[in-house]
1. Under a point-charge model restricted to the Cβ atoms of Lys and Arg (+1) and Asp and Glu (-1), what is the dipole moment magnitude of the chain relative to its Cα centre, in debye to the nearest 20?
2. What distance in nm separates the simple spin-label points at residue 13 and residue 38, each placed 7 Å from Cα in the Cβ direction?
3. Would you mind telling me the share, in percent, of accessible area of the chain contributed by carbon and sulfur at probe 1.4 angstrom?
4. So, R0 is 30 Å and r is the distance between the beta-carbons of residue 46 and residue 2; what FRET efficiency does that work out to, to 0.05?
5. Measuring with a 1.4 Å probe in the full set of protein chains, what accessible area per residue, in whole Å², belongs to segment 18-73?
6. With contacts defined as alpha carbon pairs under 8 Å and 6 or more residues apart, what's the relative contact order of the chain in percent?
7. Of (1) 16, 38, 26, 14, 5, 1; (2) 16, 50, 28, 7, 0; (3) 16, 55, 26, 2, which one was derived for P(r) over Cα pairs in 10 Å bins from 0, in percent from the structure shown?
Amino acid sequence: MRRLMLCKIAIWVFVLLWAGATFIFATGTFGWFGQPQDPLSGVFLLPLGFPWILAIEIVPETAKPLFAVFAPSLTLAILVVFCRKMNGKIRRSR
């Protein structure tokens with residue numbers, strides 16, 4: 001039961017970090033709220049989307065920002081699948 005709670009917390013923390021990094025990226029890219037446009041605003045998305053972000057070289061130039069935003073979704077999907085597998089193992093062991 002403790003592992004299941006830890007998995008849920010990890011998923012929600014990841015989602016919140018992803019949402020925050022995406023907001024910072026959008027704010028810096030489009031200059032929202034009077035912020036100057038900054039090419040390094042997406043730096044917080046890189047660790048969340050690692051190692052998928054390394055494939056950005058094969059993505060067309062116009063799609064790179066979109067790929068950077070959605071690369072963490074692969075990591076999140078793996079985390080969710082892992083937690084579901086852990087949940088199944090916990091139920092079977094009882």
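1. Details: 10 positive and 3 negative charges, 243 e Å.
Magnitude of the dipole: close to 1160 debye.
2. The two pseudo-label positions are separated by 2.4 nm.
3. On the way: 5130 of 7040 Å².
Whole-percent figure for carbon plus sulfur exposure: 73.
4. Working: r = 31 Å, r/R0 = 1.04.
The calculated FRET efficiency here is 0.45.
5. Values: 3680 Å² over 56 residues.
So segment 18-73 comes to 66 Å² accessible per residue, rounded to a whole number.
6. Once normalised by length, the contact order is 29 percent.
7. Recomputing P(r) over Cα pairs in 10 Å bins from 0, in percent here picks out (1).
The values are calculated or read from the model by the stated rules, or taken from the named source; none is laboratory data. Predicted model, so just to flag it, every value in this text is computed and none were measured. Because the Cβ atoms are built from the backbone with ideal geometry, glycine has one as well, and the counts that use them run over all protein chains shown. Keep in mind that these areas ignore ligands, DNA and RNA; they rest on the heavy atoms of the full protein, side chains included. Shrake-Rupley method; radii C 1.70, N 1.55, O 1.52, S 1.80 Å.
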